[in-house]
1. For the subset of the range 19-38 comprising residues that are of a type in the set (A, V, I, L, M, F, W, C) and part of a helix (DSSP H, G or I), which member is modelled with the lowest pLDDT?
2. Would you confirm whether or not the range 192-205 contains a residue that is within 30 Å of Leu232 (Cα to Cα) and modelled with pLDDT of 85 or more?
3. Quick one: how many residues across the range 39-84 are of a type in the set (Val, Ile, Thr), loosely packed, with under 13 Cβ neighbours inside 10 Å and at pLDDT 90 or above?
4. Of a type in the set (Val, Ile, Thr) and more than 20 Å from Thr88 (Cβ to Cβ): which single residue out of Val269, Val261, Val222, Val247 fits that description?
5. I need every pair where a residue in the range 242-269 that is touching a residue at least 40 places away in the same chain (Cβ under 8 Å) has its Cβ under 7 Å from the Cβ of a residue that is loosely packed, with under 14 Cβ neighbours inside 10 Å, sequence separation at least 6 or different chains.
6. Return the residues of the range 186-216 that are of a type outside the set (Gly, Ala, Ser), in contact with a helix residue (DSSP H, G or I) (Cβ under 9 Å, 6 or more places away or on another chain) and over 22 Å from Arg271 (Cα atoms); say none if nothing qualifies.
7. Here are the criteria: (1) among the charged types (D, E, K, R); (2) touching a helix residue (DSSP H, G or I) at 6+ places or on another chain (Cβ under 6 Å); (3) more than 20 Å from Leu232 (Cα to Cα). Tell me which single one Asp85 does not satisfy.
8. From the residues in the range 184-222 that are hydrophobic (A, V, I, L, M, F, W, C) and without any contact (Cβ under 8 Å) to a residue 24 or more places away in the chain, which one is farthest from Leu253 (Cα to Cα)?
Amino acid sequence: MTAVTTTTTAVAAAEAGEVPQVRRRRRLSPGRRLPAARLIGPLAVLALWAAASAAGTLDPGAIPAPWTVLRTAGRLWTDGTLPTDILTSLRRAGYGFAIGLSAGVLLALASGLSRTGEALIDGTVQLNRAIPTLGLIPLFILWLGIGETFKVAIIAIVVYIPVYLNTHAALAGIDSRYVELAEVQGLSRLAFIRQVVIPGALPGFFVGLRLGVTSSWLGLVVLEQINATSGLGYLMFQAQNYGQSDVILVGLLVYGVFGLVSDSVVRLVERRVLSWRRSLNN
């Protein structure tokens with residue numbers, strides 16, 4: 001009876017020349033925003049910082065004004081200190097990130113494509129995940145010394161865990177119907193991985209990649225304050241000893257810029273690679 005009434009009402013509205021209004025669904029559109037939109041928040045914080053400094057609300061000894069930090073950054077760049085430390089930090093983060101990314105993907109594939117691999121790998125990774133990575137620093141110093149090797153190793157561990165977890169979760173979430181279809185079509189192992197496994201794992205992989213990029217910078221800022229002789233963390237540690245809060249803020253801002261840029265690059269690549277996937281914006 002309800003269906004008949006609804007149909008009758010719709011016909012009557014059409015005969016009267018009334019066009020029924022279709023309610024537009026509210027959609028989330030983070031992926032379609034312009035990249036510059038992500039700068040609105042940081043610029044607002046910068047404006048508040050500058051206004052508070054100009055009004056004398058902030059103690060210049062504790063939180064120097066933005067223009068003071070900018071002059072300090074220019075001085076450090078001119079005398080060659082900042083470029084050298086930035087290159088050192090980028091090299092450490094790059095080596096550790098590359099090793100961690102490779103290890104995370106390979107372990108996720110081995111665990112996700114094989115019951116034996118999952119039995120051997122997944123529990124070990126979950127155990128590693130439960131142990132605070134920075135708590136491994138004393139042990140790694142005993143094993144690898146206090147040089148570059150232990151820093152790269154810790155960064156690799158910090159990166160591989162989120163990459164593995166999210167990629168493995170994406171593999172486990174692949175629809176079984178696609179697996180059955182691949183079996184019916186008689187796809188080879190290589191074709192199955194290329195046509196089913198990789199497309200199914202990419203969304204989770206990119207989530208892990210973004211977390212890994214952020215984690216690499218978070219780990220680096222701590223590691224470079226442990227018996228280092230160069231790098232942004234070392235620069236900040238030395239500034240702490242001399243009470244140079246402007247230099248500390250320079251290091252923090254550089255870390256923040258690196259984190260924002262690297263995350264934006266990963267998001268850009270993700271949008272291009274996963275352009276085939278139907279999103280909430282469509």
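1. In this case the residue turns out to be Ala36.
2. yes
3. The first filter runs over the range 39-84 and keeps only residues of a type in the set (Val, Ile, Thr), leaving 40, 45, 57, 63, 68-69, 72, 78, 81, 84.
Going one step further and asking which of them are loosely packed, with under 13 Cβ neighbours inside 10 Å, we end up with 40, 45, 57, 78.
Retained after the next criterion (residues that are at pLDDT 90 or above): 78.
Of the residues in the range 39-84, 1 are of a type in the set (Val, Ile, Thr), loosely packed, with under 13 Cβ neighbours inside 10 Å and at pLDDT 90 or above.
4. Val269
5. As it stands, the answer is Ser245/Gly61; Ser245/Ala62; Ser264/Pro35, since those pairs meet every condition given.
6. Leu187, Phe192
7. If we test Asp85 against (1) among the charged types (D, E, K, R); (2) touching a helix residue (DSSP H, G or I) at 6+ places or on another chain (Cβ under 6 Å); (3) more than 20 Å from Leu232 (Cα to Cα), just (3) comes out false.
8. Among them, the one singled out is Val184.
The values are calculated or read from the model by the stated rules, or taken from the named source; none is laboratory data. Everything numeric here is computed off the predicted structure, so don't read it as measured data. When we count neighbours, we look across all protein chains shown, and the Cβ atoms used for this are built from the backbone with ideal geometry, even at glycine.
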